[in-house]
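K.L.:
Submitted below is the structure of interest, expressed as structure tokens.
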Amino acid sequence: MNKSVILSLLLIVGFLSCKNSGKEIDKLGIARKYYKALDSSNHSEMALLLADSLVTKETEYNYEQTFTLNEYVEWLKWDSIFDPTYKILQIEQEDEIVKAKISKIDKRISFLHQEPIVTNQIIRFDNDKIIGLETTVYVIFNDSIFVKNRDRLVNWIEENHPELNGFLYDQTKTGGLKYLKAIELYKNNQ
């Protein structure tokens, strides 16, 4: 055999063995772990699943935000205050992304929306880390009920408990505690 044929065969064998020895990344499994970590408010598990930065998008509302890993874990602490329940209604991998239909209910959503919010989401990856979360469609979301209840709460707090003002935009654990307190005070006085 001539040297170029041998070299070509060695390169092909080397390429195939590298390709086959690398484990295929279970993106569907990572996505399931992500929603489980959200549901259980598991900060340490979340830190293992996400890249150093995470881009979140809401297509319907033309909104995008980039979080550092630490900022997203801080948001998770805020979210955990409301005792969330995340349910995977549908999930599938399509090429390099995972598509999911997710239901979320918690104390805040129960008060503002009065039923679970259901969204279609896309999860994007860089190797085995989540780098992007996109909410593409709000399948169940009544914005008029949500906004009406939110405005009633904000106005009532402004008049009766101004020390809690700002709770709406403070997505830290402290802000979540103020938000929950605002809801409880409002409900107890209606």
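The values are calculated or read from the model by the stated rules, or taken from the named source; none is laboratory data. This structure is a prediction, so every number in the text was calculated from the model and none was measured. We place every Cβ from the backbone using ideal geometry, glycine too, and count neighbours over all the protein chains shown. These accessible areas exclude ligands, DNA and RNA; they are computed on the full protein's heavy atoms, side chains included. Shrake-Rupley method; radii C 1.70, N 1.55, O 1.52, S 1.80 Å.
K.L.:
Say a paramagnetic label sat at a point 7 Å from the Cα of V55, along Cα to Cβ; which residues of the range 120-146 have their backbone N under 16 Å from it?
P.N.:
What the label zone holds, given the 16 Å backbone N cut-off, is 122-127, 129-136.
K.L.:
Highest first, please rank the peptides 153-160, 139-146, 74-81 by the mean number of other Cβ atoms sitting within 10 Å of their residues. Kindly include the intermediate steps, with their values, before the conclusion.
P.N.:
Working: 153-160: 14.6, 139-146: 12.9, 74-81: 18.4.
Result, highest mean Cβ count within 10 Å first: 74-81, 153-160, 139-146.
K.L.:
Still on this structure: How large is ³J(HN,Hα) for each residue in the range 27-33, as worked out from phi by the Karplus curve 6.51 cos²θ - 1.76 cosθ + 1.60 (θ = phi - 60°), to whole Hz, x for Gly and Pro?
P.N.:
Taking θ as phi minus 60°, the curve returns 5, 5, x, 5, 4, 4, 5 Hz for the range 27-33.
K.L.:
While we're here: Where only protein heavy atoms count, and the probe is 1.4 Å, what is the accessible area per residue for the chain in Å²?
P.N.:
Details: 11550 Å² over 190 residues.
Heavy-atom accessible area per residue stands at 61 Å².
K.L.:
How high is the relative contact order of the range 142-189, in percent, with contacts defined as C-alpha pairs under 8 Å that are six or more residues apart?
P.N.:
Numbers: 25 pairs, mean separation 14.8, N = 48.
After rounding, I find 31 percent.
K.L.:
Still on this structure: Using only the Cα atoms of the range 142-189, build the gyration tensor, take square roots of its eigenvalues as a ≥ b ≥ c, and label the shape rounded, prolate or oblate: rounded if a/c is under 1.5, else prolate if a/b is larger than b/c, else oblate.
P.N.:
Values: a/c = 1.72, a/b = 1.20, b/c = 1.43.
Oblate shape, in that a/c is at least 1.5 and b/c is the bigger or equal ratio.
K.L.:
At a 1.4 Å probe, what is the % contribution of carbon and sulfur to the accessible area of the chain? If you can, show how the numbers build up before the last one.
P.N.:
Working: 5830 of 11550 Å².
Roughly 50 percent of what the probe reaches on the chain is carbon or sulfur.
K.L.:
Amide H of I130 versus every other amide H placed in the peptide plane: which residues, excluding those fewer than 5 positions away on the same chain, fall under 5 Å?
P.N.:
Excluding prolines and chain starts, which carry no amide H, the hits are L50, A51.
K.L.:
I've got another one for you. In nanometres, what is the gap between the two model label sites at H161 and V137, each 7 Å from Cα along Cα-to-Cβ?
P.N.:
3.8
K.L.:
Same structure again: Could you work out the relative contact order of the chain, using alpha carbon pairs under 8 angstrom and six or more residues apart, expressed as a whole percent?
P.N.:
Working: 293 pairs, mean separation 36.8, N = 190.
Computed value for the chain: 19 percent relative contact order.
K.L.:
Hey, in the GNM for the chain with a 10 angstrom Cα cutoff, which one of Q171, Q90, Q114 fluctuates hardest?
P.N.:
Q90
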